[in-house]
Amino acid sequence: MARLETEFLGVTFDNPFFIGSASPTLSGKHLQKIIDKGWGSFVVKTLSVDKNIRPDVRPRLASVRKDGTLSGLQNCELITTHHLDWWERELKPIQETGAPFVTSIMATPDLDDWAFMGRWAEEHGASIVELNVSCPHGCPEEHMGMFIGQDPQLVHDVTKAVKDEVSIPVMTKLTPNVMDITQVGKAAEKGGADALAAINTVAGIIDVDIYNATAAPFVLGKGTIAGNSGPQVRPIGLRIIAELAQSVNIPLSGIGGIDSWYNAIEYIMLGATTTQNVTAAMWYGFGIVEKWKQKTLAFMEEEGYDTIDDMVGAALDGVSSYDHLEVEDHLYPEVDDGKCLHCNRCTVACADTGGGAIKVPKINDINDEECLGCALCAVVCPVNAIEMVVRGGSRRWTRDEGPPQE
């Protein structure tokens with residue numbers, strides 16, 4: 001029988017679905033609710049030494065939506081606004097529950113501060129300490145967050161400073177705002193990281209009010225470059241988890257645009273053992289995890305997976321460099337007349353931006369000589385009535401081999 005119980009860094013969790021470090025984990029009340037709703041664990045909102053605590057701006061969130069569904073979220077929220085004595089009181093009842101949890105910490109490149117915060121996290125019940133070297137807004141200006149995460153040497157030094165001070169596992173949280181994530185991941189691993197978490201938010205501007213000439217999040221007439229999350233960043237997160245899984249030898253926690261159980265399994269199949277979820281909790285509430293657990297168990301039973309570990313990295317063999325992708329020069333679109341709505345989206349797309357191979361009114365009468373094999377028609381079809389099939393023989397090769405000789 002399939003089970004969701006997950007072992008990560010020597011700690012056993014009821015399931016692999018965590019709430020990540022952000023506003024959903026900003027107080028003891030929130031943390032208790034996460035436990036009660038059945039999440040696998042949570043990452044306490046990033047803590048720091050008292051001198052680094054600053055107030056948040058209002059408002060600090062903006063979004064992009066389509067037909068009422070969230071496409072992307074931007075935030076310029078900072079780390080916790082509370083000092084450590086407040087957090088000591090908040091975490092005490094959470095410790096008494098016995099639930100394992102992760103505490104996120106941050107500091108400047110002052111290694112003594114990192115060491116102190118690592119000890120503080122361990123002394124106040126953390127099963128794992130997460131090093132936030134990746135926040136893209138507010139913190140870099142203070143030589144924290146992404147300022148450290150973009151420098152492999154600083155990532156190494158910070159990781160080592162904490163690892164040398166604690167007995168609990170250390171997980172370094174990486175920024176996607178770098179040229180080569182593998183170099184940063186390897187630096188953290190060399191510094192002693194027991195695991196990597198990726199990704200933190202992507203720096204960007206999510207929206208511009210063209211009528212008032214200002215940018216999100218519209219703080220008294222001004223905006224800022226801030227952290228973007230939600231479905232729009234999921235391709236970046238999946239790519240980075242795959243790259244890390246193929247370049248380091250420590251476990252991974254996947255983050256970025258996970259708004260369904262399906263997305264969580266995508267991260268797991270690319271190499272993550274656990275996932276961290278924030279935007280989904282903001283959009284749907286903590287109760288969404290019950291559906292995720294049910295759907296994941298049903299999927300595992302159907303596909304023959306007994307444990308989460310059985311799925312970790314299952315899709316990695318299917319991730320190849322472009323040069324090793326196979327070429328099939330006899331793949332053409334085929335239209336299912338029973339599904340086709342005759343909306344002509346495929347014909348317009350093909351005529352204007354493809355090869356012009358699909359004609360009306362006989363949509364299924366496709367001119368193979370004009371077809372580019374790009375699958376644009378299948379992509380734009382609103383009812384999945386088009387699939388790419390082999391027609392007229394089959395010839396395959398990889399790009400580094402070159403095409404077969406006639």
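The values are calculated or read from the model by the stated rules, or taken from the named source; none is laboratory data. Please read all numbers here as calculations on a predicted model, not as lab measurements. Please note: Cβ atoms are built from the backbone with ideal geometry, for glycine as well, and neighbour counts cover all protein chains shown.
Please count how many residues of the stretch 284-332 are part of a loop (DSSP other than H, G, I, E, B) and among the acidic types (Asp, Glu).
Count: 2.
Only one of these is in a strand (DSSP E or B) and either at pLDDT 95 or above or of a type outside the set (Asp, Glu) (or both): VAL57, VAL64. Name it.
So the residue among VAL57, VAL64 that is in a strand (DSSP E or B) and either at pLDDT 95 or above or of a type outside the set (Asp, Glu) (or both) is VAL64.
Is it the case, given these coordinates, that VAL64 is surrounded by 13 or more Cβ atoms within 10 Å (Cβ to Cβ), in contact (Cβ under 8 Å) with a residue 40 or more places away in the chain, within 30 Å of GLY223 (Cβ to Cβ) and in contact with a Phe, Trp or Tyr (Cβ under 8 Å, 6 or more places away or on another chain)?
No, not satisfied.
Could you identify the single residue in ASP151, ASP157, ASP209 that is among the acidic types (Asp, Glu) and closer than 27 Å to LEU270 by Cβ?
The match here is ASP151.
GLU326 is checked against (1) surrounded by 14 or more Cβ atoms within 10 Å (Cβ to Cβ); (2) within 33 Å of the chain's Cα centre (by Cα) and fails just one. What number does that condition carry?
So the condition that GLU326 fails would be (1).
Given (1) in contact with a strand residue (DSSP E or B) (Cβ under 7 Å, 6 or more places away or on another chain); (2) on the phi < 0 side of the Ramachandran plot, where does GLY145 come up short, assuming only one miss?
(2)
Test of understanding: among GLY356, GLY393, GLY402, which residue is part of a loop (DSSP other than H, G, I, E, B) and at pLDDT 85 or above?
From the options GLY356, GLY393, GLY402, the qualifying one is GLY356.
Here is a list: LYS163, LYS222, LYS190, LYS186. Which entry is surrounded by fewer than 24 Cβ atoms within 10 Å (Cβ to Cβ), modelled with pLDDT under 95 and not aliphatic (A, V, I, L, M)?
The conditions single out LYS222.
Conditions tested, residue by residue: (1) over 30 Å from ALA62 (Cβ atoms); (2) surrounded by 13 or more Cβ atoms within 10 Å (Cβ to Cβ).
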position	(1), (2)
ALA242	no, yes
MET282	no, yes
GLY285	no, no
TRP292	no, yes
VAL312	yes, yes
ALA315	yes, yes
SER320	yes, no
GLU334	yes, yes
ASN344	yes, yes
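Any residue at all in the stretch 256-273 that's modelled with pLDDT of 95 or more, part of a strand (DSSP E or B) and polar (S, T, N, Q)?
No; the residues of the stretch 256-273 include none that is modelled with pLDDT of 95 or more, part of a strand (DSSP E or B) and polar (S, T, N, Q).
Go through the stretch 6-38 and report how many residues are surrounded by 18 or more Cβ atoms within 10 Å (Cβ to Cβ) and closer than 16 Å to ILE268 by Cβ.
Number satisfying all stated conditions: 9.
Would you say PRO231 is under 16 Å from GLY72 (Cβ atoms) and surrounded by fewer than 23 Cβ atoms within 10 Å (Cβ to Cβ)?
Yes: the conditions hold for PRO231.
Answer with yes or no whether GLU189 is under 23 Å from the mean Cα position of the chain (by Cα) and farther than 13 Å from SER134 by Cβ.
yes
Can you say whether VAL158 is closer than 18 Å to ILE250 by Cα and either assigned by TED's automatic domain parsing to the domain that holds LEU91 or touching a strand residue (DSSP E or B) at 6+ places or on another chain (Cβ under 6 Å) (or both), as far as the supplied structure shows?
yes
In the stretch 244-280, which residue that is surrounded by 24 or more Cβ atoms within 10 Å (Cβ to Cβ) and β-branched (Val, Ile, Thr) is nearest to ALA62 (Cα to Cα)?
Among those residues, the one meeting the criterion is THR279.
Please go through the stretch 99-116 and pick out each residue that is under 15 Å from GLY28 (Cβ atoms) and part of a loop (DSSP other than H, G, I, E, B).
ALA99, PHE101
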